[in-house]
Structure formats: structure tokens, C-alpha cells
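One structure below.
The values are calculated or read from the model by the stated rules, or taken from the named source; none is laboratory data. Since this is a predicted model, take the numbers as computed values, not measurements. Note: ideal-geometry Cβ built from the backbone for every residue, glycine included; neighbour counts use all protein chains shown. Protein only, heavy atoms only, side chains kept; ligands, DNA and RNA dropped before computing areas. Shrake-Rupley method; radii C 1.70, N 1.55, O 1.52, S 1.80 Å.
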Amino acid sequence: MRKLLLLLISSFWLFATDLTLEIVKEVNALPSVVIEDATVDVETLINRKLFNLLVGDLEVSAHFQVDHTRNLANFSDPVNYMKYKGKDFLIRYRLFYDDFNKLNLEGAIYNLKSGTKILVKRYRISDNDRFAFLAHHLIFDFNQVLGFNDVSFLKSFVIFSKYTAPKQADIVISDYTLTYQKTVVHGGLNLFPKWADKEHKRFYYTQIKDKPVLYLVDIYKGTRRKIIESEGMLVCSDVSDNGTKLLLTMAPNMQPDIYIFDLITGELQRVTFYPGIDVNGHFVENERKIIFVSDRLGYPTIFAKRIGSRAVQRVVYHGRNNSACSTFGDYVVYSSRETNNAFGPNTFNLYLVSTTSDYIRRLTANGVNIFPRFASDGETILYIKEYGRQSGLGLIRLKYNKSYLYPLSVGKIQSIDW
Amino acid sequence: MKRVLLCSLCLGVLVLSGCAKKSVEVETPSTPTTTQEAATPVNEGEGIQTIGQTQEQMSEEAKLQKMKMIEAEAKKIYFDFDKYNIRPDQVPNVDYDAKLFNLPDAKEFKIKVEGNCDEWGSDEYNYALGLKRAKSVKEALTIRGVDAGRMSIISYGESNPVCTEHTKECWAKNRRVEFELIP
């Protein structure tokens, strides 16, 4: 009997070991990358930051196994293949200032297995504060050359509103790691920034003075245009694919409801008619339907509605407070409060659901995970994670089942868009 | 011609001699009279204005002070977590505010009803929650006789905390409606 039991335990152990082996195998399947720094005459701080950004970008792309060692080399030296035996790719880079005192990044990427140079490119930036984008561009191009999935989110601007004092909030543009930050709207209460186009050249935001007013800002022309105003509250929650229709939360009669505003005709169409709270409208299913947050059940949760119809359909059947969502195609990501403690720490997890099937997937396991936003590729989700008194900017790569966290030191974020 | 001149001279001598006799009889005044000079105008300082408040300004300031006093006097209305209905324990505060805003001194002012929230809740939902709280209070004040036309509502979401600690007492203080008077 004892022998039988021992055999049984051994066989369980064997299966467990197999499972571990399988994971290790999967990790090893990713191509390995090493980085060589050939910078000579640029401040150490910028160079160190750039090296870390390159490592971070490679990690977040989820296509590589990254060696975090900062190897030194001369840019024109031949590659030391012996040193990097077993590795697949080498990124050699150097930072330098050109004759116009502009920062340049020269990158050369080698395939160590075939001994070929697969990319040689020089990047130049006019404003040295934006050096983070040098790293983002190099890693984006590296992924492109190898034919991997689109990682253009690396180069995307993030826009967010942060509180600076009571009734004061600024709007800031940054790269996805928040290394580069530029305040674009300052003074007063400036909230809910939302990109107006895929190119991230213009954005909408709400300014609250006596009344909330929605403005459209062109960041390259430096212009601002008033779009609409409303009593009580006004938020641009989503923009249609062609940029001509806005989903707004407005309260012209003191009642927060969702409206569609046609920018061409100026027509305002009310979509929801519930006397409670309806907010956070997002287009889904080719803009025939909207997903929104409502307190119809006595607590906020996610609903769907076909535009023009009266019927409302519940989308999420769990959680006691599902008060934020974002959509891409037919998918909805939302933040759900898993615990019901009104006066203490709560857990907010992110979930991914489909509006056309029963698909549901939990994306986070602990902490307070809020403000989920899809990137334009639909495969990456940006969110804010709060743990204790600190907060971080999180990234989830859906296809690769990986998540990353960057420490946030920008104060309290009001709203974010990507 | 010579005869005319001679006659005139004699007449003059006669007149002068007569006048000299008279002047002896005239009393000399006790204080000699002096010629009065024209007053020199003093222009320095002409046009200097007194720095002070006009009646209009003084009444504006008094109005502002009165407004601030009423604002400070008004009671804040507190709410439960995630709720926008007025709690039974807050009804006396609403009654008090209604009476205060209906006083003759307060009636000249408009009232901005401001809804606020704690730090929990999402970006948009929190602003809507603040708005619903402000709406509840406006409706309650209207029922108690405060003219609805005097009141406007706005939500500041979680942007206007009175307490920034991460404690339940602090969150409870932030879930409130307060008032700003407008001239």
C-alpha cells in the first residue's frame, strides 16, 4: 500500500515537472537580444535612460528574450561573435550631438546567427527632451524588419489629465513610459482628454469654469476651438472611426445621459433616457451599438444598447462596481470592484469580454486596476495600477499574456487616453 | 494864447493854495494804510484725489462680505458611499440651508450647488455621481421654497477634496454638496 502511494505521488510530481518544462521551453523559443552601447560624448544620465528604454521597449514588444547587460563597444568595431555565442540579435547604438546640437541615435542591428547586418538607421530629434522617442523608433523598426506584429504603440503619444490643486488640473502629453512629458493645457480645471484622430494630432478636452465646455485642440498648430457646452457635466467619451461623431456624456437638463454629436451637421442625438446615471459611452460593432456604464441595477455596471432602439442589454454579470470601460471592435475591457468594502482597501481587477460571444478573461490578479484603455492595435491595454500609496502605469499585451508596470510619479491622474 | 496860459496858471495857484489850507485840518489816521497785494495762488496739490472707496465700491465689498458670510453659514450635505440620495440625518441641514437662502439678505444672490465625490470610482462615473448629488440637493431646496431659477448645479467629481488623507473619515468628508453664491 505504501509503495502504491509512493508511486502515485511520484507520478504527480512527474506531471508537475513536465508542466514547468513546457513553460521554460516556450520562453526559450523567443529570439534573444543583446545590446551594445557605443556612446562616447553624451551625458551619462540620458544615455543610461536610453539604454533602459531600449530594454523596456524590447520587453514590452513581447517578441524577444532580452539580455539586460549593458555591453560597451566602438560603433565601427567588428562584432565579437564569440562573446555573444548563443544569442540571436545584437543591437549596437550610439548617441551623439550633431553640428546643430541636436541629439542623434545611430543604430545597427546584427543577426548573430547569419552574421548579417539587418538594420542600419540614424534617428535625429529636434527637442532633446524627447530622446525617449529615439529608443521607441529603433525598437519599432527592429520589429518591423523581422516582420513581427505591429508595435506602433511604442511610438504613440499618451495624453492624460492630472490634478495639481483643488479645482485645478493640467493636460499632459507623454510617451507611453511617461519619460517625456509636456504640459499642453495649464491653468483651471481641464479634464477628460480624448484623442480626436488616430494620428494623435488633435484632442478633445473639457474645461470647467462656470459651465463645462468641450474644446478641440490641434497640438501642431497650437489652436483651440470650442465645440459644445452643457450644464452640469460634459465629457467626450469616444470618437467614431472617421472622426465625425462624438459620444458625449452631457447633462443639459441636469441629467447625465449619453448623446451622439455629429460634428458635420451639428446635430445632437440623445441615446440613453434613464433617470439615473448613464456615462462612458463607447462605440462597438461597427458603431451600430454603444457600450456604457449605468447604475440601473443600483450600482454601476456595463450595458449595451443599439443606437436608436429602446432596449438595453446587460453585458457584465459579476462585480459590485464596474464603473469604467474601453472598447476595441467587439471587445470590452472594464474595471470591476471585486470586494465590497466601502471604507477600506478594495480590489479592482480588469476583465476582457466580447459583445458577440460569452468570452470573458480576467487580466489582473490584485491591487486597484483602473482606467483601462485599448491601444490602436487592439492587442495592448494601458491602465493605472495603484498599490498602497504608489501608482504605476501598466501595460497588458493580450496576445502574449504578459503585463508590465512602470512607476508613476506624476501625481493623481484624472483621466488618460492612448 | 499867452493870456489863456497865464489865466490857467493863476487859477492853478489859487486852487493849490486853497487845498493846502484844507489838508492841515484833516486828521492823520492812527495806523498808516498800506497797499493790499493780490493773493498768490497756491496750486501744489491741486487735483489730488482722496484714495478711498466710492459708495458704489463700498457697497460691492459689503455685498461680497455678506455673500461669504452666508456661504460660510451654509451647511454642507454629506452622502453615503456611491449614493446620491439625501440621508435622513442630512435633512435638518437641508432645512437649515433652505431657510438661510430664503433670508432677505440672501435672496439677492444666485446659488451654485457643487457636487463632490471621494477618490473612489472611475473618472466619468464620479463626475456624474457628483452631479446627481448636486441635483438631489437642488431639488430638495426647491421643495423648501428656494427659487429653482436662482440655482445652478455643477460637478467637481473628486477634483475638490477638503481632505486628502486615505482614511474613511476623510473620504466621508469629501462626499458632499456645498454652495457658492454668485452676485
Sparsely packed trypsin sites (Lys or Arg not before Pro) within region A:72-178, loop by DSSP, other Cβ within 10 Å at most 16: A:Lys83, A:Lys85, A:Lys102, A:Lys113, A:Lys167
Once each part is reduced to its C-alpha centroid, what is the distance from region B:76-104 to region A:135-194 in angstrom? 42
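Where in region B:111-180 are there GluC sites (Glu not before Pro) that are in a DSSP coil and have at most 16 other Cβ atoms within 10 angstrom of their Cβ?
Listed in order of number, the matching sites are B:Glu119, B:Glu165.
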Quick check: from the Cα gyration tensor, does region A:326-418 come out rounded (a/c under 1.5), prolate or oblate? oblate
Hey, what number do you get for chain A at 222 nm if only DSSP H runs of n ≥ 4 count, each worth -39500 (n - 2.57), divided across all residues, to the nearest 500? -5000 deg cm²/dmol
Which distance in Å, rounded to a whole number, links the C-alpha centroids of region B:115-165 and region A:287-346? 22
Cα gyration tensor shape for region A:251-335, rounded if a/c is under 1.5, else prolate or oblate: oblate
Tilt, helix A:44-61 to longest principal axis of chain A (alpha-carbon atoms), in degrees rounded to tens, equals 70
With a 1.4 Å probe and every protein chain kept in, tell me what percent of the accessible surface of chain A is carbon plus sulfur. 52
Label point 7 Å beyond Cα of A:Thr69 along Cβ direction - residues of region A:79-110 with amide nitrogen under 20 Å: A:79-94, A:108-110
Got a sec? Which residues of region A:274-294 lose 50 Å² or more of accessible surface with every protein chain in place, vs. that chain alone, 1.4 Å probe? A:Ile277
Out of residues 5 or more away from A:Val368 or on other chains, whose amide H comes under 5 Å of its own, with H placed 1.01 Å from N in the peptide plane? A:Phe348, A:Glu386
For region A:256-296, what is the accessible area per residue in Å², given a 1.4 Å probe and the full set of protein chains? 36
D (µm²/s, integer) via Stokes-Einstein for chain A, Kirkwood Rh across alpha-carbon pairs, 10 °C, 1.306 mPa s: value 67
Descending Cα extents along the principal axes, region A:165-210, whole Å: 32, 23, 12
Skipping prolines and chain starts, which residues have an amide H placed within reach, meaning under 5 Å, of the one on A:Met233, given they are 5 or more residues away or on another chain? A:Ala251
Ratio of Rg to Rh over region B:75-182 (Cα coordinates, Kirkwood Rh, two decimals): 0.97
Interface size between chain B and chain A, please: total buried accessible area, 1.4 Å probe, rounded to the nearest 100 Å². 3200
Approximate spin-label separation A:Glu199-A:Asp98, in nm, with each point projected 7 Å along Cα-to-Cβ: 2.3
Length gained if A:Val40 through A:Val145 is fully extended, taking 0.36 nm per residue and subtracting the Cα-Cα distance, is 35.1 nm
Loop-only check: which trypsin sites (Lys or Arg not before Pro) in region B:99-166 are DSSP coil with at most 11 other Cβ within 10 angstrom? B:Lys107
Protein-protein interface of region A:176-205, residues with accessible area decrease of at least 30 Å², isolated chain reference, 1.4 Å probe: A:Phe192
Long-range HN-HN contacts of A:Lys167 with modeled amide H, under 5 Å: B:Asn160
Label model pair A:Asn253, B:Gln57: point-to-point distance (7 angstrom along the Cα→beta-carbon line) in nm is 4.8
Read phi for every residue in region A:199-213 and hand back ³J(HN,Hα) as whole Hz from Karplus 6.51 cos²θ - 1.76 cosθ + 1.60, θ = phi - 60°, with x for Gly and Pro. 7, 6, 9, 9, 9, 9, 7, 9, 10, 9, 10, 6, 10, x, 10
According to a simple spin-label model (label point 7 Å from Cα along Cα-to-Cβ), what is the distance in nm between B:Ala72 and A:Lys113? 7.7
Please work out the average accessible area per residue across region A:27-152, using the 1.4 Å probe convention, and give it in Å². 47
Which residues of region A:233-272 end up with at least 30 Å² less accessible area in the presence of all protein chains than when their chain stands alone, using a 1.4 Å probe? A:Met233, A:Met254
